[in-house]
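Notes to accompany the following structure.
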Amino acid sequence: MQTSWIPFIPESASTVSGKVDALYFYLSGVTAFFTLLISGVLIFFVIKYRRRTAFEIPRPIAGSHKLETLWSVIPFLIAMSMFAWGAQVYFENSRPPKNANEVYVVGKQWMWKIQHSTGQREINELHVPVGRKIKLIMTSEDTIHDFFIPAFRIKADVLPGKYTTQWFEATKPGTYHLFCAEYCGMNHSGMIGSVIVMQPAEFDNWLSGNASQQSPAVAGQQLFQSLGCVSCHGANGEGGRGPGLVGIFGSKVFLTNNQTVTADEAYIRESIENPSAKVVSGFSPIMPTFQGQVTPEQLIQIMSYIKSLQATGTPATAAPASKAEATPAAATATPQLNRK
Ligand code: CUA
């Protein structure tokens, strides 16, 4: 583990870490400047204007508009500069870029379970390539955790029943600390791990060395059939009782209550766990809830399968699989025939 040239400041190893540090130094600098100025002036005045005789009466002060304006406007401008700069860094940090590689993170007492979109799984380790944007899609199986990589200056709560995201682009190969930063029970302090940043070629090598695992999209496709989703949500709407799901992810959905929602992770999750909350226009609220029947990991897999259902009908992220599951259309048609 490398150390930084300033004590107590972790290594700076992502595209945002320099910006976060600059803002932090600015805040500390302003604070230090005024602390020193006020204490210095205070000590100086205490000595200079000390009472010299027992019955001394000071000259009254009438006040000054000029002075009052000055000491209102200057702090206002300083405060606004902190706000504007902070907001700019915050926006950049909290909006994952569209072209980022997705990595799923599931927190659980007391470990981090990580799965890459190509299927590789890791526990308490996250391998990433240097210079590529990585988006973390995070959820928890039990209580509130918090995924914190100090060297990247990123940190976000990981909540049960909800997805949170954060992103980074590592700039320096190396091994960095990964912490749980929310007290989550007895072994909270042991819920730590490493982020291993590798050269892209080295990373691809690592990825292919672990390639035997099933991608989340393919696992999701199997769940889609075993849970019976396919009988209503056939790939091309064959089921008829539920809306078809091809190309649905990220699109706008028109609801029975005349509202429109975007079919994002939160909407799909809600539709699985509480299907009658937002029913698509033209359909009846007949879908049973799957709350408690799918684990957070399985939910991620189903999500990932639905995401992979592009208009062409071919899972985008599916690893090369057997011919039978090469296209979801073929795979989903078969069980439906069996069912009838
Ligand atoms: Cu998980 Cu603290």
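Give me the Debye-computed log₁₀ of I(q)/I(0) at q = 0.11, 0.15, 0.21 Å⁻¹ for the stretch 1-125, equal point scatterers on Cα only, no solvent, two decimals. Scattering profile of the stretch 1-125, log10 relative to I(0): -0.73, -1.03, -1.31. When the square roots of the Cα gyration tensor eigenvalues are ordered a ≥ b ≥ c, the ratio a/c for the stretch 65-139 is 1.5 or more and a/b exceeds b/c, which makes its shape prolate.
Look at the dipole of the chain built from charges on Cβ: of Trp71, Ile196, Phe91, the Cα furthest out on the positive end belongs to Trp71. Just from its helices, what would the mean residue ellipticity at 222 nm be for the chain, if runs of 4 or more DSSP H residues each count -39500 (n - 2.57) and the sum is divided by every residue, rounded to the nearest 500 deg cm²/dmol? Result for the chain: -11500 deg cm²/dmol, rounded to the nearest 500. Loop-resident trypsin sites (Lys or Arg not before Pro) (DSSP state other than H, G, I, E or B) in the stretch 140-208 with no more than 12 further Cβ atoms inside 10 Å of their Cβ are absent. For the chain, set up a GNM with springs between Cα atoms under 10 Å and report which of Pro285, Pro60, Pro150 has the largest fluctuation. Comparing Pro285, Pro60, Pro150 in a Gaussian network model of the chain, the most mobile one is Pro60.
Ignoring aspartates and glutamates fewer than eight residues from Lys19 along the same chain, the ones with Cα atoms less than 17 angstrom from its Cα are Glu11, Glu92, Glu169.
For the stretch 135-150, putting each phi into the Karplus relation 6.51 cos²θ - 1.76 cosθ + 1.60 with θ = phi - 60° gives couplings of 10, 9, 10, 10, 8, 10, 8, 9, 10, 7, 10, 8, 8, 10, 10, x Hz, in residue order, rounded to whole numbers and with x for Gly and Pro. What angle, in degrees between 0 and 90 and rounded to the nearest 10, separates the Cα long axis of helix 200-209 from the longest principal axis of the Cα atoms of the chain? Once rounded, the angle reads 40 degrees.
Going by a ≥ b ≥ c, the root eigenvalues of the Cα gyration tensor, does the stretch 162-274 fall in the rounded group (a/c under 1.5), the prolate group (a/b larger than b/c) or the oblate group?
Details: a/c = 2.27, a/b = 1.76, b/c = 1.29.
Verdict is prolate for the stretch 162-274.
Annotation for Ser251 and Ile9: the two label points, set 7 Å from Cα along the Cα-Cβ direction, are 5.0 nm apart.
Mean separation of Cα pairs under 8 Å and 6+ residues apart, divided by the residue count of the chain: what relative contact order is that in percent?
Values: 560 pairs, mean separation 49.5, N = 340.
RCO, the chain: 15 percent.
Amide H to amide H, with H built 1.01 Å from N, Ser14 comes under 5 Å of Thr171, counting only residues 5 or more places away or on other chains.
Highest GNM mean-square fluctuation among Asp264, Asp157, Asp146, for the chain modelled with Cα contacts below 10 Å: Asp264. Residues whose amide H falls under 5 Å from that of Gln109, counting only those 5 or more places apart or on a different chain, are Asp142, Thr143, with hydrogens built in the peptide plane.
Residue separation of Tyr183 and Thr262 scaled by 0.36 nm, minus their Cα-Cα distance, works out to 25.1 nm of gained length. Partner lysines whose Cα lies under 20 Å from the Cα of Lys278, excluding those fewer than 8 positions away in the same chain, are identified as Lys162, Lys252, Lys307. FRET efficiency for the pair Tyr90 and Gln222, taken as 1/(1 + (r/R0)^6) with r the Cβ-Cβ distance and R0 = 41 Å, rounds to 0.55. Extending 7 Å from the Cα toward the beta-carbon at both Thr69 and Glu270 defines two label points whose distance is 5.1 nm.
Amide H contacts for Val158 (H built 1.01 Å from N in the peptide plane; partners 5 or more residues away or on another chain; cut-off under 5 Å): His145, Asp146, Phe147.
Using the Cα centre of the chain as the reference point, and only Cβ charges (+1 on K/R, -1 on D/E), how large is the resulting charge dipole? Debye, rounded to the nearest 20.
Numbers: 27 positive and 23 negative charges, 192 e Å.
Roughly 920 debye for the chain.
Return the single residue from Gly193, Gly63, Gly242 with maximal mean-square fluctuation; model: Gaussian network over the chain, springs between Cα atoms under 10 Å. Highest fluctuation of the listed residues: Gly63. Label-to-label distance, Ala22 versus Thr143, with points set 7 angstrom from Cα along the beta-carbon direction: 4.0 nm. In angstrom, the C-alpha Rg and Dmax of the stretch 159-213 are 14.9, 40. Between Glu202 and Ile57, what's the calculated FRET efficiency when r is the beta-carbon distance and R0 is 51 Å? Round to 0.05. That gives a FRET efficiency of 0.05.
For the chain, count all C-alpha to C-alpha pairs, find those more than 40 Å apart, and express that count as a whole percent of the total. Intermediate values should be presented prior to the final figure.
Numbers: 18643 of 57630 pairs.
Distances greater than 40 Å cover 32 percent of the Cα pairs.
Computed from Cα atoms, the angle from the helix 65-94 axis to the main principal axis of the chain rounds to 20 degrees.
Any read-out appearing in this document is the output of simple, stated calculations on the displayed coordinates, not a laboratory observation. The structure presented is a predicted model; accordingly, all values stated were derived computationally and were not measured. Every residue, glycine as well, gets a Cβ built from its backbone with ideal geometry; the counts of neighbours run over all protein chains shown.
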